[in-house]
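Here the structure is laid out as structure tokens; the discussion comes afterwards.
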Amino acid sequence: MVNVDFERYSGLIFDLDGTLIDSMPVHVRAWQQVSREHGFSIEPQFIYDRGGFSSRNIVLDMKAMGNDVGVVEDFVKRKVELYRAHINEVPLFPQVFSILKNAKDRGAKVTIGTGTQRINVVDILAIHQISHLVDFIVSADDVTEHKPHPATYLKALSLMDIPADKCLVIEDGLPGIQAAKAAAIDCLVVDRDQFVQLNPSA
């Protein structure tokens, strides 16, 4: 377990899927069902390898592999529909959540910075009754360039009005880790609620 001095950060940015919430199994099942409906199959690892990617880019990767995905936007819409049908089953990761709660308790600012749609963030926070613990949300709907581009985290910094060197990103996916580095923000890498490493921005 990596030791992190959270007290030195006045702002924390949390990725959502796979970081704050254990949602990947639900996402995988949704992706697999839509794929079957289109006459092909995908392995779970295909989705896990693309943690942090936008849904549209995941479908484009499927298409690039020669799969008949039909209309990309329709494929994404159906996947989102299936995921949201089970969103109330998605649990929080307790250790990562404790970081968030402790940060809020000591007066730090908290932002969710995610590649998912805003409605999913709002609903997850409401389901777990933690909306009051989050100051800002930067979702796929709020930026035009997604992780690994740093736009998500740069917008979060702007909203929190905190310099990069006083902020910490908590992430599980490579695109998000790369985005944090590009934004010059320290990044705590997590894997299924375990602290893997702290990547300093410098």
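Considering only the stretch 55-75, state which residues are within 16 Å of R36 (Cβ to Cβ) and among the β-branched types (V, I, T).
I58, V59, V69
I'd like the residue in the stretch 1-55 that is within 11 Å of the chain's Cα centre (by Cα) and among the aliphatic types (A, V, I, L, M) and, out of all such residues, is farthest from P163 (Cα to Cα).
M24
Can you name every residue in the stretch 4-44 that is of a type in the set (S, T, Y) and free of Cβ contacts under 8 Å to residues at least 12 places away in the same chain?
S41
Take the residues of the stretch 92-126 that are among the polar types (S, T, N, Q) and without any contact (Cβ under 8 Å) to a residue 40 or more places away in the chain: which is surrounded by the fewest Cβ atoms within 10 Å (Cβ to Cβ)?
S98
Looking only at the stretch 151-185, how many residues end up being crowded, with 21+ Cβ neighbours inside 10 Å and not in a helix (DSSP H, G or I)?
9
Taking the stated definitions as given, is E171 of a type in the set (D, E) and in contact with a Cys (Cβ under 9 Å, 6 or more places away or on another chain)?
Answer is yes for this residue.
Among the numbered criteria (1) of a type in the set (A, V, I, L, M); (2) closer than 22 Å to H146 by Cβ; (3) in contact (Cβ under 8 Å) with a residue 40 or more places away in the chain, which single criterion is violated by I47?
(3)
Please go through (1) touching a Phe, Trp or Tyr at 6+ places or on another chain (Cβ under 9 Å); (2) buried (at least 17 other Cβ atoms within 10 Å of the Cβ); (3) in a helix (DSSP H, G or I) for Q32 and return the number of the only condition it doesn't satisfy.
The failed condition is (1).
Residues of the stretch 51-89 being of a type in the set (A, V, I, L, M, F, W, C) and either closer than 22 Å to H128 by Cα or in a helix (DSSP H, G or I) (or both), which ones?
Selection gives I58, V59, L60, M62, A64, V72, F75, V76, V80, L82, A85, I87.
Residue by residue through the stretch 127-150, note down the ones that are small (G, A, S) and surrounded by 19 or more Cβ atoms within 10 Å (Cβ to Cβ).
Result: S139, A140.
When the residues of the stretch 104-131 are filtered to those that are within 21 Å of I177 (Cα to Cα) and outside any loop (DSSP other than H, G, I, E, B), which remaining residue is modelled with the lowest pLDDT?
Ranking the candidates gives R118 first.
The values are calculated or read from the model by the stated rules, or taken from the named source; none is laboratory data. Being a predicted model, the structure only gives us computed values, none of them experimental. Methodologically, a virtual Cβ is constructed for each residue, glycine included, from the backbone with ideal geometry; neighbour enumeration extends over all protein chains shown.
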